[in-house]
Amino acid sequence: MQVVGVKVKSCERGNECSNTWCLLMQYFRYFYIMTTTAIIKEINKLPLAEQLLLVEKTLKTIRQQKEHQMDVAVNALYNDYATNKELTIFTKLDSEPFYESR
């Protein structure tokens, strides 16, 4: 991978590209085999705008993965909770007043 400014030689489309996403994907492929320290050093070499974009996209991906995992868990357990009243027996207490003991 050769980085010239913000341009990456031979991006996914096979030509020189200044597309931020192509640049990030090149870095991700390169980082796959790198240590955390090496990744941080490489990220620090990026312009601030590119660093922020990398953080935003990473956080978005993490959130999407977490949401997907929760959706999978909900779908896996939905039938159990819908058909097994023992799992939801304490929901009868939801309408009762709650008093916190101190």
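The values are calculated or read from the model by the stated rules, or taken from the named source; none is laboratory data. All values derive from a computational prediction rather than experimental measurement. So basically every Cβ, Gly included, is an ideal-geometry build from the backbone, and we count neighbours across all protein chains shown.
Structure data summary
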read-out	value
Residues satisfying the stated conditions in the range 22-38, i.e. surrounded by fewer than 13 Cβ atoms within 10 Å (Cβ to Cβ), of a type in the set (A, V, I, L, M, F, W, C) and modelled with pLDDT under 70	I33
Verdict on N79 being surrounded by 10 or more Cβ atoms within 10 Å (Cβ to Cβ) and modelled with pLDDT under 90	no
Number of positions in the range 39-60 that are of a type in the set (A, V, I, L, M) and surrounded by 14 or more Cβ atoms within 10 Å (Cβ to Cβ)	5
